[in-house]
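In what follows, a structure is listed as structure tokens, so that the remarks can point back to it.
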Amino acid sequence: MTEPINVVVTGAAGQIAYSLLYQLAAGSVFGPDQPINLHLLDIPMMMDVLQGVVMELQDLALPLLRQVVPTADPAVAFKDAAAAFLVGAMPRKQGMERRDLLSANVKIFKIQGEALDKYARKNVKVLVVGNPANTNALICSHYAPSIPKENFTAMTRLDQNRAQAALATRLGVQVDKVQNVIIWGNHSSTQFPDAFHATVNGKPVPAAVNDDAWLNEVFVETIQKRGAAVIAARKMSSAMSAAKAAGDHMRDWWMGTKPGQWVSMGVLSDGSYEMPKGVVFSFPVTINNGKFEIVQNLPINEFARGKLNATAKELEEERVDAHSVLME
Ligand code: NAD
Ligand code: LMR
């Protein structure tokens, strides 16, 4: 019998968690043979709502789900955590940039970093979803010095899924026929969705699209602004697709990527592709045995270099802003 693992979801009474928890309980992320205990963290004011979520989880009657622990105490939530989805944070409203959330949200990730450091397993895998996700992941890892830096990642998988779907629509193919699209940099409007190394049915996407102007302008801007477009339409930020992406990210981290395929994750930059060290930057990675490696030696043309530098600059600025908020 496999022992259950403790999986933390923060913001557990919120929108994204509502779609994410079912995937976790059903075995879509950690696999059909891995039982889980769900540790659900939210703020004290949300405990009644969270009780309703707990009732629904019980009513799913899913055999992989063992204990469910709702709590407002990070010490309880992060106890012996093997995996953590840090979702809980304020979402942006229409007209805001994700960076505008920094002063409201960065303090949450300091507190949760400290709690992870004290209470979680040292090999815990932490996925930061709450915005601004890259800089929140950086802050969280900074306050958890006993946990390796590579155990903290930020979610750009939603952008990857959006880019893959947009290319599939343009090419009139099923979405899984498009592979290896890359999201570089920040989960923000400076991100660079890069289709130049992507394939469709194994052939290069740029040749199949045969319209570099579309790829460089319309495609890039559509993906950069997709989160804002969803907010404008729904009056709330994306949740179902964000939860699916969080599940995809953690599943690939846990189980590994398929041969020849890579995925994008925000990871602490080691200077690859001449990007600054010490920011959480989204790179293409392959994953084996729970460890990711940044895909190296992809050719970067002048256009792409400009985009990479712009998103790196924003991340460096966010890092400065975050540290000044935490000094206040
Ligand atoms: P939501 O408002 O529906 O839920 C957020 C939940 O977090 C609420 O229940 C709130 O009480 C809780 N919370 C707030 N502070 C907390 C704390 N200190 N500890 C624990 N819980 C806390 O929001 P949502 O739609 O679920 O979005 C959550 C976050 O995810 C937002 O920051 C949003 O911008 C972000 N997001 C990121 C991506 C991505 O691709 N990286 C995609 C979508 C949304
Ligand atoms: C998204 O990409 O949908 C989320 O990050 C929410 C937002 O603020 O755009």
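What the table shows:
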| quantity | calculated |
| --- | --- |
| Phe109 of a type in the set (Phe, Trp, Tyr) and near ligand 1 (Cβ under 10 Å from one of its atoms) | yes |
| Residues of the stretch 112-126 that turn out to be assigned to a loop (DSSP other than H, G, I, E, B) and among the hydroxyl-bearing types (Ser, Thr, Tyr), as a count | 0 |
| Residue count, the stretch 112-130 (criterion: closer than 20 Å to Ala322 by Cα and open to solvent by 30 Å² or more (accessible area, probe 1.4 Å)) | 2 |
| Verdict on Ser272 being within 18 Å of the chain's Cα centre (by Cα) and small (Gly, Ala, Ser) | no |
| Spans of strands (runs of 3 or more DSSP E) in the stretch 1-76 with at least 1 residues touching a His at 6+ places or on another chain (Cβ under 9 Å) | 5-10, 65-71 |
| Any hit, the stretch 65-82, residues being buried (at least 21 other Cβ atoms within 10 Å of the Cβ) and within 16 Å of ligand 2 (Cβ to nearest atom) | no |
| Matching option when the condition is without any contact (Cβ under 8 Å) to a residue 60 or more places away in the chain and either closer than 22 Å to Glu56 by Cβ or away from ligand 1 (no atom under 11 Å from the Cβ) (or both), among Ala104, Ala84, Ala75 | Ala75 |
| Residue list for the stretch 198-212, filter: open to solvent by 40 Å² or more (accessible area, probe 1.4 Å) and either within 16 Å of ligand 2 (Cβ to nearest atom) or in a helix (DSSP H, G or I) (or both) | Ala207, Ala208, Asp212 |
| The stretch 213-226 - residue that is more than 16 Å from ligand 1 (Cβ to nearest atom) and either open to solvent by 80 Å² or more (accessible area, probe 1.4 Å) or closer than 28 Å to Ala17 by Cα (or both) and, of those, farthest from the chain's Cα centre (by Cα) | Glu217 |
| Qualifying residue in the stretch 103-111 (condition: in a loop (DSSP other than H, G, I, E, B) and buried (at least 24 other Cβ atoms within 10 Å of the Cβ)) | no |
| Residue match in the stretch 267-274 (condition: in contact (Cβ under 8 Å) with a residue 60 or more places away in the chain and closer than 18 Å to Ala137 by Cα) | yes |
| Output for the stretch 160-192, where each listed residue is loosely packed, with under 15 Cβ neighbours inside 10 Å and in a loop (DSSP other than H, G, I, E, B) | Gly172, Val173, Gln174 |
| Pair list, Cβ under 8 Å, 6 or more apart: the stretch 32-51 residue in the same structural domain as Phe109 (by TED's automatic domain parsing), other residue modelled with pLDDT under 95 and of a type in the set (S, T, N, Q) | Asp33/Thr2; Gln34/Thr2; Pro35/Thr2 |
| Count of residues meeting criterion [more than 11 Å from ligand 1 (Cβ to nearest atom) and without any contact (Cβ under 8 Å) to a residue 40 or more places away in the chain] in the stretch 227-250 | 2 |
| Check on Ala245, open to solvent by less than 70 Å² (accessible area, probe 1.4 Å) and within 24 Å of Leu20 (Cβ to Cβ) | yes |
| When residues of the stretch 86-102 are limited to those that are more than 18 Å from Asp42 (Cβ to Cβ) and either aromatic (Phe, Trp, Tyr) or outside any helix (DSSP H, G or I) (or both), the one least open to solvent (accessible area, probe 1.4 Å) | Arg92 |
| Test result for Ala195, more than 10 Å from ligand 1 (Cβ to nearest atom) and either free of Cβ contacts under 8 Å to residues at least 24 places away in the same chain or open to solvent by less than 10 Å² (accessible area, probe 1.4 Å) (or both) | yes |
| Verdict on Gln179 being more than 16 Å from ligand 2 (Cβ to nearest atom) and touching a Gly at 6+ places or on another chain (Cβ under 9 Å) | yes |
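The values are calculated or read from the model by the stated rules, or taken from the named source; none is laboratory data. Note that the structure is predicted; figures quoted are calculated from it, not measured. Every residue, glycine as well, gets a Cβ built from its backbone with ideal geometry; the counts of neighbours run over all protein chains shown. To get the accessible areas, we keep the full protein, side chains included, count just its heavy atoms, and leave off ligands, DNA and RNA. Shrake-Rupley method; radii C 1.70, N 1.55, O 1.52, S 1.80 Å.
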